[in-house]
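**Q** My questions all concern the structure below.
Quick note: the coordinates plus some simple rules give every number you see, no bench work behind them. Fair warning: this is a prediction, and the values are worked out from it, not measured in the lab. Ideal geometry is used to build each Cβ from the backbone, glycine not excepted, and the neighbour counts take in all protein chains shown.
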Amino acid sequence: MEDTDEVLMARMAGGDEAALAELHRRYAPYLYGLGRRMLRQQDDVETCVQDAFFNAWKAAGRFDPSRASVKTWLVTIAHNRMLQALRDRPDTGLDLEEWDSPTSAPDRIEQVIAQRAVDILGEPERTLVVLAFYKGYSHTELTEQTGLPLGSIKTYLRRALAQMRLHLETPIAPSATSSSNPSKGGQHDAE
């Protein structure tokens, strides 16, 4: 029987490198997909995913399963590292050779899964998720961009992430995918 993510985290907290390797096998594809969408440069993606697992290794003893799933925890670590990489980039344009050079094609399955999770959201959640998680905007920058109060932005993002998490963690029956219509989110009171 395969160990659960929580068991692997406990083993990793105890210094078990095989547990780290198994978590990497399970979740690195998700993190690479996120990185390719956020960073676009393969070297940056690889560095950030590697750093994320290194940081997870160091912080494994502090993981709290009552606060987040292992997958969510790892994605959060990787996302924060990728945002830092975006902030650390110099504010310069790309050379012509970089614009014209071919890039490796992103994993289509990962793109579809991520896009479906975003597509279930209504507005303004969808826009906020795209700006915050794919373009790297801070909460303050989102306030400036959208004119929404900071508290509302935090609430919308928290709701959006909960909806996406539920969508990603809920198995879909094969017959349901062809006839179901994803929810477009609900109305939200202004804060």
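**Q** Kindly write out, for the range 14-19 in residue order, the coupling ³J(HN,Hα) from the Karplus curve 6.51 cos²θ - 1.76 cosθ + 1.60 (θ = phi - 60°), rounded to whole Hz, with x marking Gly and Pro.
**A** x, x, 7, 5, 5, 5
**Q** List residues of the range 114-130, by number, whose backbone nitrogen lies under 19 Å from a label position 7 Å along Cα→C-beta of T155.
**A** 121-129
**Q** Kindly rank 8-18, 35-45 from highest to lowest mean number of other beta carbons found within 10 Å of each residue.
**A** The packing order, highest mean first, is 35-45, 8-18.
**Q** Next up: Taking θ = phi - 60°, what integer Hz values does the Karplus form 6.51 cos²θ - 1.76 cosθ + 1.60 yield along the range 74-80, in sequence order, with x for Gly and Pro?
**A** 5, 4, 5, 4, 5, 4, 4
**Q** Turning to a different aspect of this structure: Report the Cα centroid-to-centroid distance between the range 129-164 and the range 61-75 in angstrom, as an integer.
**A** 22 Å
**Q** Starting from the Cα-Cα distance between A18 and Q50, subtract it from 0.36 nm times their residue separation and give me the gain in nm to one decimal.
**A** Length gained, A18 through Q50: 9.9 nm.
**Q** Which whole-Hz couplings ³J(HN,Hα) result when phi for each residue of the range 34-42 is put into the Karplus expression 6.51 cos²θ - 1.76 cosθ + 1.60, θ = phi - 60°, listed in order with x for Gly and Pro?
**A** Whole-Hz 3J(HN,Hα) from phi for the range 34-42: 4, x, 5, 6, 7, 9, 6, 9, 4.
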